[in-house]
Amino acid sequence: MTQNENPASLIVIFGATGDLANRKLFPSLYNLFSKGNLSKNFAVVGVARRSLSNDEFKQNIIKSIGTVSNDVDKMNEFASHFYYHSHDVTDSASYTALNEIITDLDDHYGTKGNRIFYLAMAPEFFGTIATHLKEDGLTDVSGFKRLVIEKPFGHDLQSAQELNNQIRTAFAEEEIYRIDHYLGKEMVQNIEVIRFANAIFEPLWNNRYISNIQITSSETLGVEERGRYYENSGALRDMVQNHMLQMVALLAMEPPIRLNTEEIRSEKVKAFRAMRPIKDDEVKQFFVRGQYGPGYVNGELVSGYRQENMVNPESNTETFVAGKLMIDNFRWAGVPFYIRTGKRMKTKSTKIVVQFKDIPMNLYYKTEQTLSPNLLVIHIQPEEGITLHLNAKKAGQGIDAQAVKLSYANKGVDGINTPEAYEKLLYDCMKGDATNFTHWDEVALSWNFVDNISDVWQNTYANFPNYEAGSYGPRESDILLARDGFFWWPVTNLDVESC
Ligand code: BG6
C-alpha cells in the first residue's frame, strides 16, 4: 500500500505535552510515517494548557522521536507537520481558535475534512471536551470525525455510563475508539489466530479437554509518579476491568462468523455476558487482593506501596489481584479462568497458560515420575511466542516419558508498553477499523463485573501490606488455585523461565 492510499487525516492530540504523547504517540506516529503507513496528507495539532510556540513544540517532537530514529532529515520532515495550540478545555473561545487553526491546516495539507480527536489527558475532562467539540462546531466536518479516548473510561459503571452519555452527544458509537492498549499487542491479537486457524486447538478448546486457563500480568514497577491516580483506582480498575477481562473474552469467545469488527465484538460481548457475577458473599472465595510492602526487586531494595509518593500511609488500595472467573455457557461450564496481576512482583511478564486435562490413564506412572499436563503457553511480553508442553520418550533404554517443549518465538520488541501497540491502534483508527478498540457494551459489562468486587473491598478491612515487593504476591493467591487442585504455572517461587 502506498502512502497516499492511507486516509488523509488531521489529528488533534489533547494532552500533547504529557507523558503518553511523548513516550508513545509521537514515536508511534513517526514509525507509521517512516514505514509509509501514514498518508502524506496529515497534520497534527498538539493541544495543552501550557503556552508553547510551534517551534518549541516541534523541538519536543524531535526529542520524543529521537528514541526511535536518528534520521535527521526524516525527523524534521515529520515534525514539520506538527502545530501547537495552547488551550483551556473549559473555554469556548479556545475551541473556536482551535477550529480556525485546523480549518486552515485542512486546506494546507489536504486532509479532506477528516478529523481525529485524541484525548490523551486526565479523564475528568473527557466529557467536557467532547461536549465542547460539538457545541463549538469542531465536529461539523465534511470528512470523518473520530474520538480516541484513553482509559480509564469511568471509575465504575455509573460514572462510565455518564461519560458515555456525554460523549455520545457528540460522537456516534462507531466514531468512538476506546483504547485498551493490550488489544494492540501482537500476541494478544494472535490469540484469535492461534485459536481459529489451527485444527489442533479449536476442537479441544472447551470444557472436555481444558482443565483451567491462567492469565498472569505481573510488573516489577511500582506506582512511580502515579500515586494520586492509583490510590483511587487500584489494580482491579487499573488492570482487571480492562486488560485482563479483554484477554478472558478473547480466549472464551465463540468463533465469529466473519473476522470483522461487528462479528468479533458481538462474540466478545456474549463472552462477557456469560461471566458469572460474583455475589457479595462470594468475593472472598473467588478474589484475592494484595498490597506490596518493602522488598527487593531485581536485587534492589524498594519501598512499600504505603511509602510511595502521593499515597496514603494507611492506604487500603490493592496493588495485586488474583481471581477465579467462571463462564457459564456450554463451552466453558466448570472450567476456571484464573487471572493474576500485580505491581512490584518478581518479574515483568504477561502470559496465558492453557492447561489441558490429564489423559484418562497414565501408563507411564512411576513413583518418582508423573506425566506433565499438556500446556499451551502464549507469551505476550516481554518475550513473544508460543510454547507447547508435551510428553515424549526419554532418549535411551526403557520407555520413560519426559516433558518436552515446542517453542515458537516471535521477534518480540522488548519494552514496556512498546510503541508497537499504539502504532497498530493509531493505524487502525485512521483506517476506520475499530475491531481492536472496546465497544461500550464490553466496557459496561466489565464494569458491572468488577463493581461488585470493589464495593465489597471498599467496605471490608484489608490486612495490608500482605506481600513483599519482588515476590509472586500474597499466599492467598496460591491457595485460590490449590483449593481446586491447581497451581499457577510457573509454580510460585520457581523461575519464570521454566515455563
Ligand atoms: C496500564 C496501567 O493500563 O497498563 C498501568 O494503567 C500498567 O498501571 C500498564 O503499568 C501495563 O501495561 P504493559 O503494557 O506494561 O503490560
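Annotations
- Of the residues Glu174, Glu224, ranked by 1.4 Å probe accessible area with the largest first, the sequence reads Glu174, Glu224.
- Ordering of 155-167, 9-21 by packing [mean C-beta count within 10 Å, highest first]: 9-21, 155-167
- Positive dipole terminus of the chain, leading residue within Ile278, Ser28, Asn459 (C-beta point charges): Ile278
- Three-way shape call for the range 32-82 based on the alpha-carbon gyration tensor, with the a/c threshold at 1.5: oblate
- Solution diffusion estimate, µm²/s, Stokes-Einstein, the range 2-142, Kirkwood Rh from C-alpha pairs, 4 °C, viscosity 1.567 mPa s: 85 µm²/s
- Amide proton proximity set for Ser86, modelled H, under 5 Å, gap of 5+: Leu52
- Using θ = phi - 60° in the Karplus curve 6.51 cos²θ - 1.76 cosθ + 1.60, the 3J(HN,Hα) couplings for the range 192-197 round to 4, 5, 4, 6, 9, 10 Hz; x is entered for Gly and Pro.
- Rounded if a/c under 1.5, otherwise prolate or oblate - the range 250-389, Cα gyration tensor axes: oblate
- Filter on Lys151/Lys351; Lys185/Lys357; Lys74/Lys343; Lys151/Lys348; Lys348/Lys424; Lys58/Lys424 - keep pairs with C-alpha separation over 32 Å: Lys74/Lys343
- The listed residues Ser349, Ser80, once ranked by accessible area (1.4 Å probe) with the largest placed first, stand as Ser80, Ser349.
- Think of the chain as a dipole: +1 on every Lys or Arg Cβ, -1 on every Asp or Glu Cβ, centred on the Cα centre; then among Ile200, His379, Leu481, Ile200 lies furthest on the positive end.
- For the range 114-121, backbone phi angles converted through the Karplus equation (6.51, -1.76, 1.60; θ = phi - 60°) give residue-by-residue couplings of 8, 10, 10, 9, 10, 9, 10, 8 Hz, Gly and Pro being listed as x.
- Gyration tensor (alpha-carbon) shape descriptor, the range 161-226, a/c threshold 1.5: oblate
- Antiparallel bridge percentage (DSSP; both residues within the chain; nearest 5): 55 percent
- Using heavy atoms of the protein chains and a probe of 1.4 Å, the accessible area assigned to Glu267 is about 20 Å².
- Note on the chain: semi-axes of the ellipsoid equivalent to its C-alpha gyration tensor, largest first and rounded to whole Å, are 42, 26, 22.
- Carbon + sulfur, % of accessible area of the range 88-197 - ligands and nucleic acids excluded, 1.4 Å: 48 percent
- Charged neighbours of Glu225, selected by a Cβ distance under 14 Å, balance to 0 (K, R count +1; D, E count -1).
The values are calculated or read from the model by the stated rules, or taken from the named source; none is laboratory data. Just so it is clear, the model here is predicted, and its values are computed rather than measured. Cβ atoms come from the backbone with ideal geometry, glycine included; neighbour counts cover every protein chain shown. Ligands, DNA and RNA are stripped out before the accessible areas are found, and what is left, the full protein with its side chains, is counted by its heavy atoms. Shrake-Rupley method; radii C 1.70, N 1.55, O 1.52, S 1.80 Å.
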